[in-house]
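Shown next, in structure tokens, is the structure this report addresses.
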Amino acid sequence: MIRTFEKLTEEEINKRKLLYQQADELGIDLMSFDKDISEADERRDIRRAVVLLGTGQEIPEDLRNRLLARMN
């Protein structure tokens with residue numbers, strides 16, 4: 001099976017860079033998103049944040065605060 005890759009536009013590249021930057025600021029590693037997280041609430045918060053970031057939406061303040069608190 002041969003994989004073909006689409007060439008991204010500059011805008012798409014910039015959107016992805018921003019996505020990874022925002023996720024990193026919240027302590028979310030998108031490259032190892034499927035890591036074993038034992039706490040269901042934490043897993044749910046991370047998934048919600050990833051969906052919001054991936055669709056260009058703002059992270060609600062309460063969710064942002066929970067994610068940032070887990071980083072400390």
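Annotation: per residue accessible area for the chain equals 85 Å², rounded to a whole number [probe 1.4 Å, protein chains only]. For the chain, a simple Cβ point-charge model (Lys and Arg +1, Asp and Glu -1, everything else neutral) yields a dipole of about 180 debye relative to the Cα centre.
Remark: C-alpha extents of the chain on the principal axes read 40, 28, 18 Å, sorted largest to smallest. On the chain, 49 percent of the accessible area sits on carbon and sulfur atoms, based on a 1.4 Å probe.
The values are calculated or read from the model by the stated rules, or taken from the named source; none is laboratory data. In this text, all values refer to a predicted model and were calculated from it rather than measured experimentally. Glycine gets a Cβ as well: all are built from the backbone with ideal geometry, and neighbour counts include every protein chain shown. When the accessible area is computed, the model is the full protein with side chains, heavy atoms only, and any ligands, DNA or RNA have been set aside. Shrake-Rupley method; radii C 1.70, N 1.55, O 1.52, S 1.80 Å.
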